[in-house]
Amino acid sequence: MRRIKRFLACALFVCLITAKSAQAALSMSPLVEGTSISVNCKSALLMEASSGQVIFEKNADEKRPVASIVKMMTILMCIEAVENGRVSLSDSVSISKNASGMGGSQALLDTGEVQTLDVLLKSAVVASANDAAVAIAEHIYGSEDLFVQEMNKRAKELGMTDTVFKNCTGLPESGQHTTARDVAAMSQALFGKDVYYKYSTVWMDNLDHHDGRITQLTNTNRLIRLYDGCDGGKTGSTNEAGYCISATAKRSGMRLVAVVLGADAGKTRFSVAEDMMDYGFANYRVTAIAEKGTRIKGGMKVTGGREESVPLELNGDLHLLMNKSETADIELSPNLPSSIRAPFDKGREIGSVDVIRNGRTIAKIPVVTAASVDRERFSDAWRRTWGKWLF
């Protein structure tokens, strides 16, 4: 920590990019080679959510079906559609014959039944309801096929390079697959949405069909009741996929994501997720080091501007994941020009700082101007020249 404090004293400290873009900045590889976790499943990955740093992985790039884990993308896209104003949670949605005819886990919606998007989202999150998921897809993009096209586009945006979606439910379909690494990226995006936890923490609830019929919704993720700090996750199981889960828990300000794919039993996926998160919480901590807007000492020389220099600042927050048994060995390598030419606006990105830990670059952090500078006018140059001559 002394080394960290020295960096802060120099005011040349940087941040890891926030969860939205951390994955692109970090290499997703184990922090510790030979991590002593034994997992009884086909693929697994343990990640710290704010930085995207992988603590442990097993066959993380093996393409596999993941059953209802697919619904995480459906849920994410629904939340994002609400955020960007495309739809509203108060929207009334009429259930189509196609949606009501979905097999597997259901909310038992009838054709022509009307529910709010809020109720459908809750049903998809809590009860993994296939009929609700399809109704959501049809409401947002008009058809499940068009929605799935958008799912694949969003997957690419999240860096999910080994994922192909064929439907919005996870029901078995040829060619549909993903990986533990891609599920972690999708989970990181979803678990970064505050509204998600409004639904994921519900253990049991009732769905009123408005005709005297009630369907009980029970959360498929039992860890929200049994594991300290667990407040979200998604389960899935088919004969082809085995038993899967992506679970998250938060303790002492650190959020972990545990992905388990291809376990041989439902209880196994839960115990593997618990074991991985136990390991993460026992051995790692997240230390908040710097905040977005922190000024860099000195400033940048300006050419052709009304000011001779401009202050610089960091464009994010630094959360450093550390093994509890080690100290941080961090180096900072600035990639900044010697000067910047006016005019430019506040917030213009002019370079970056590499954050190097144990000899490996873990992030490239943008550095931006903290003020705007206009182009120099003739009168400014004249006044500066005469000012130097006279005084």
Within the stretch 36-48, work out how many residues are crowded, with 22+ Cβ neighbours inside 10 Å and either closer than 30 Å to Val355 by Cα or modelled with pLDDT of 95 or more (or both). 7
What residue, of Met300, Met254, is crowded, with 19+ Cβ neighbours inside 10 Å, within 21 Å of the chain's Cα centre (by Cα) and not polar (S, T, N, Q)? Met254
Could you run through the stretch 122-150 and say how many residues are buried (at least 24 other Cβ atoms within 10 Å of the Cβ) and within 19 Å of the chain's Cα centre (by Cα)? 1
Of all strands (runs of 3 or more DSSP E) completely enclosed by the stretch 282-373, which ones contain at least 2 residues that are out of contact with any Gly (no Cβ under 8 Å at 6 or more places or on another chain) and not hydroxyl-bearing (Ser, Thr, Tyr)? 284-290, 295-303, 318-323, 330-335, 349-357, 360-369
On the basis of being under 30 Å from Arg251 (Cα atoms), without any contact (Cβ under 8 Å) to a residue 24 or more places away in the chain and within 31 Å of the chain's Cα centre (by Cα), does Asp317 make the cut? no
As an exercise: evaluate Leu171 against (1) touching a residue at least 60 places away in the same chain (Cβ under 8 Å); (2) closer than 27 Å to Arg255 by Cβ; (3) aliphatic (A, V, I, L, M) and give the number of the one condition it does not meet. (2)
Checked the stretch 320-354 for anything loosely packed, with under 15 Cβ neighbours inside 10 Å, over 14 Å from Lys364 (Cα atoms) and in contact (Cβ under 8 Å) with a residue 40 or more places away in the chain; matches are Asn323, Lys324, Ser325, Thr327, Asp329
Counting only residues that are within 23 Å of Ser246 (Cβ to Cβ), give me the helices (runs of 4 or more DSSP H) lying completely in the stretch 76-184 with at least 3 of them. 117-127, 130-141, 144-157
Those residues of the stretch 204-228 which are free of Cβ contacts under 8 Å to residues at least 24 places away in the same chain and within 24 Å of the chain's Cα centre (by Cα), in sequence order: Arg225, Asp228
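The values are calculated or read from the model by the stated rules, or taken from the named source; none is laboratory data. Since we're looking at a predicted model, the values are computed, not measured. Glycine also receives a Cβ, built like all others from the backbone with ideal geometry; neighbour counts cover every protein chain displayed.
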